[in-house]
1. Averaged over A:176-187, how many beta carbons belonging to a partner chain fall within 10 Å of each residue's beta carbon?
2. Could you sort the peptides A:170-176, A:54-60 by per-residue average Cβ neighbour count (10 Å cutoff), highest mean leading?
3. Counting only other chains, and only Cβ atoms inside 10 Å, what mean value do you get across the residues of A:2-8?
4. Excluding B:His200 itself, calculate the net charge of residues whose Cβ lies under 14 Å from the Cβ of B:His200, where each Lys or Arg counts +1 and each Asp or Glu counts -1.
5. Pop out the ³J(HN,Hα) list for the stretch A:194-203 in order, Karplus 6.51 cos²θ - 1.76 cosθ + 1.60 with θ = phi - 60°, rounded to Hz; leave Gly and Pro as x.
6. Can you give the mean number of other chain Cβ atoms that lie within 10 Å of the Cβ atoms in peptide B:122-128?
7. In the stretch A:73-148, which GluC sites (Glu not before Pro) are in a loop and have at most 16 other Cβ atoms within 10 Å, using DSSP for the loop call?
8. Which residues' amide hydrogens lie under 5 Å from the amide hydrogen of A:Val151, considering only partners 5 or more residues apart or on another chain, with H built in the peptide plane?
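What follows draws every value from the coordinates through simple rules; no lab data is involved. Quick caveat, the model's predicted, so the values are computed rather than measured. FYI the Cβ positions are ideal-geometry reconstructions off the backbone, even for glycines, and counts take in every protein chain you see.
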There are 2 protein chains.
Amino acid sequence: MTTPLRERMRLVREEAIVDVVNRLLADKGYDFMTVDEVAAEVGMAKASLYKHFASKEALAAAAMVRVLERALAAMDEIERAATPRPAIERLHDMLRWTMRTLYEGRMPSLPAQNSALRTVLTADKVYVNLLLRLSDRLGGWITEAQRDGTVSASLPPEVVLFTLYARACDPVLPLLKASGQYTPDQIYEWLSQTCFGGLHGTAAGAALHAGVGAPGAAAPAQAGPRLAVAPARTRSPAPGEAPRKRRPASPQARNRKSPTG
Amino acid sequence: MTTPLRERMRLVREEAIVDVVNRLLADKGYDFMTVDEVAAEVGMAKASLYKHFASKEALAAAAMVRVLERALAAMDEIERAATPRPAIERLHDMLRWTMRTLYEGRMPSLPAQNSALRTVLTADKVYVNLLLRLSDRLGGWITEAQRDGTVSASLPPEVVLFTLYARACDPVLPLLKASGQYTPDQIYEWLSQTCFGGLHGTAAGAALHAGVGAPGAAAPAQAGPRLAVAPARTRSPAPGEAPRKRRPASPQARNRKSPTG
DNA sequence: GTCTATAAAAAGATAGAC
DNA sequence: GTCTATCTTTTTATAGAC
């Protein structure tokens, strides 16, 4: 019954690799993550890495599979809660799990639309199966919430599901985090509010169709706050740091220095 | 007053180039767009292309600048409307413009988080200035809507602004479009609803804090619709078509299956 | 300004010694 | 299974003729 020592060591090694991949994937995305980098951070030679995973794609797939497993585990956890809670609250909890994972840099940035990663993942049986299981279970919660009226029944469940999934790559969260002026809980609260409650204020329903807002509506604290547009979120590579990977080819040098340097 | 013929021809040429870039950027994103491809679609040699634009980055920047100009023009248009309309409706119109642009494949896919494109754009004065102008004007509409109570005043204007911007790269729209079972107007309607009104149903406010949904709430039409998880949105390269660009290196055969063998 | 041909570099993957 | 050294392809960018 005891797994051979070799086998266990291999598993531990691969776990460490997937950890690194997961972090890099969250940090820079699939396209910017290089295998050299993975190998360097794990502390092994690239060729050795390829003994464990057949390709860069396999690396990414492993990380994605693990995040799906964690999501399913989070659902288990939520359902295990002592008192049976309404579906809408379970969905809230799941959204919060997603946001926290994203905030903490442990959410491998999903292949937004047409990334290389998508091509790979849709061909990966294990990944697709897990995604289907997750979607089915969430779909159950969603239709449950629609039946009890806490989630709008006029939306196809698909739309609700995708809307929740989209939070996993919501650019708003990183932007607010990068601004550095809000606590995680503030951010979670605002994003929960916009996701479930939308942007509308109290006078919204009436105003939209009457063409006029409620007269005595509370004015916001500040008069006209200048909106900061998150300038230069890009980390300019700090003096010591490596000067930005994947700058494919600037062979001759942009400013023509003397060839003898 | 008359611009020289040569000059006008150059401008027309460059307009055509930016058109192609814009479409490719919308279709595949910055990383997957290759300069060879741009040249091929424009119908000129790559070296000639480089006489017009100094780099791939400059190409992308030109496309992004143009989309910002179009967005500002859309705002002008909305403001020109005969009857002065409440800010919330103008914001609705702008959201719809964004969704239509995205739906029609004319929205260059924004650099989601840490794309190469971001690095370039944040250094581009023209782009940044336009983005600031757009943000300022939208910020005006937002605070106006918050004052009249149609947009929640408990949200920082920044959060509202970013939430609207995020619609420009909302993965939900492409997913729904790809499913092929909904009309554009249905999709716009649902996404407007989730953006401004959120996912909540009528019983939501009460249920969330009482822990129970309204008893007589309308049940959705279908009982338990199996959720389709948008399988394989990836266009497998049609028989005639080029076999998928940017598959960086698979020099030897791939038959090498799982490495632990 | 347009072309053909080519350089330069990066990144994925592998060979082969141990 | 680990390493070093190398190969292959892709892609950005440029040289140089006309």
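1. Details: counts 4, 0, 1, 3, 0, 2, 3, 0, 0, 0, 2, 1.
Counting Cβ atoms of other protein chains within 10 Å of each residue's Cβ and averaging gives 1.
2. On the way: A:170-176: 21.7, A:54-60: 20.0.
Highest to lowest by the protection proxy: A:170-176, A:54-60.
3. So the per-residue partner count for this stretch is 0.
4. In short, -2.
5. Result, ordered by residue: 5, 6, 8, x, x, 8, 4, x, 5, 7 Hz.
6. 2
7. Working: sites: A:Glu77, A:Glu79, A:Glu89, A:Glu104, A:Glu144; in loops: A:Glu104.
In loop regions of the stretch A:73-148 (DSSP not H, G, I, E or B), the sparsely surrounded GluC sites (Glu not before Pro) are A:Glu104.
8. Counting only residues 5 or more places away or on other chains, the set is A:Gln146, B:Gly201.
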